[in-house]
Amino acid sequence: MAYRLPRVVGHRGAAASAPENTLAGLRRAHQLGVGWVEFDVKLSGDGVPILMHDAMLERTTDGQGAVANTAYAAIRALDAGAWFGPEFAGERVPSFDEAIDLLLSHGLMANVEIKACAGRERETGAAVARRLAERWPQDRPPLLLSSFAEASLDAAREAVPALPRGLLVGKVPPDWRARVEGLGCVSLHCSHRELDAATVSRVREGGYPLLVYTVNEAERAAELFAWGVDCICSDRPEAILPLVV
Ligand code: G3P
Ligand code: MG
């Protein structure tokens with residue numbers, strides 16, 4: 001049976017109303033009523049899985065330099081909220097472990113995007129999968145991994161074969177099916193920008209659910225749902241939720 005994606009996922013938490021990839025963002029998504037969040041995980045310089053989108057610290061923290069060259073203790077000292085708004089000052093870059101704890105305490109599910117620093121694709125994929133195998137309770141539905149990096153997906157599969165995985169792409173490529181099958185993925189995740197109704201039909205007729213990012217307007221989301229898109233990943237999940245209840 002095809003994997004069942006949720007209808008709405010909060011992108012990087014709820015990135016329009018709280019700083020992305022922070023615990024405040026995950027809490028905000030929960031407050032907004034969305035049951036699933038997406039966030040990005042990469043390794044600090046000393047190998048600790050953390051929530052962070054960019055390779056560099058500048059955009060979402062008050063630090064400088066490459067994440068890959070910065071130890072977890074130094075990343076921890078940075079402010080990851082003030083750039084977004086003064087009410088979020090003091091927010092920290094969460095460890096993946098902290099995010100897992102918050103998901104469990106709030107009853108949230110997640111699409112965990114493996115966003116490795118260049119050259120660390122396999123190491124990051126394996127670390128994320130192993131951490132989940134250690135910390136996510138066996139009696140709960142497993143979290144969904146995803147990545148643009150096939151090496152990360154392959155390493156995650158090798159480390160913990162049972163975890164569901166989605167292949168992330170921009171535009172859906174002609175060989176999407178071979179790639180999804182080759183990696184043993186359960187879903188395809190693509191940008192909404194170059195998508196058309198015929199492509200959505202092809203993917204769904206191929207037996208794979210489709211997650212589409214990043215859609216922040218209800219009108220566009222309604223069009224995509226009408227094409228058969230299964231799941232919308234949005235910075236504004238509160239704008240999309242009314243379409244599906
Ligand atoms: O997983 C969907 C989306 O997050 C992929 O793009 O750059 O926002 O991580 P990005
Ligand atoms: Mg992402």
Counting only residues that are of a type outside the set (K, R), open to solvent by 10 Å² or more (accessible area, probe 1.4 Å) and more than 16 Å from T214 (Cα to Cα), segment 6-42 contains a total of 7
Yes or no: segment 23-40 includes at least one residue that is touching a Phe, Trp or Tyr at 6+ places or on another chain (Cβ under 8 Å), within 29 Å of P164 (Cβ to Cβ) and more than 16 Å from ligand 1 (Cβ to nearest atom). yes
L163 among the aliphatic types (A, V, I, L, M), closer than 15 Å to E38 by Cβ and either within 16 Å of ligand 2 (Cβ to nearest atom) or modelled with pLDDT of 95 or more (or both): no
For segment 118-130, enumerate the residues that are surrounded by fewer than 20 Cβ atoms within 10 Å (Cβ to Cβ) and either touching a residue at least 40 places away in the same chain (Cβ under 8 Å) or in a loop (DSSP other than H, G, I, E, B) (or both). A118, G119, R120, E123
Please give the strands (runs of 3 or more DSSP E) falling wholly within segment 166-245 in which 1 or more residues are small (G, A, S) and buried (at least 18 other Cβ atoms within 10 Å of the Cβ). 187-191, 231-234
Considering only residues that are open to solvent by 50 Å² or more (accessible area, probe 1.4 Å) and free of Cβ contacts under 8 Å to residues at least 24 places away in the same chain, which ones fall in segment 43-58? M56, E58
Where residues in segment 15-32 are out of contact with any Asp or Glu (no Cβ under 7 Å at 6 or more places or on another chain) and not basic (K, R), which of them is farthest from ligand 2 (Cβ to nearest atom)? Q31
Output the number of residues of segment 59-72 satisfying the condition of being within 16 Å of ligand 1 (Cβ to nearest atom) and either among the hydrophobic types (A, V, I, L, M, F, W, C) or surrounded by fewer than 14 Cβ atoms within 10 Å (Cβ to Cβ) (or both). 2
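The values are calculated or read from the model by the stated rules, or taken from the named source; none is laboratory data. Remember, predicted model here, so these are calculated numbers, not experimental data. All Cβ positions, even for glycine, are placed from backbone atoms using ideal geometry, and neighbour counts span all protein chains on display. Quick note on the areas: whole protein, heavy atoms, side chains included, nothing else; ligands and nucleic acids left out. Shrake-Rupley method; radii C 1.70, N 1.55, O 1.52, S 1.80 Å.
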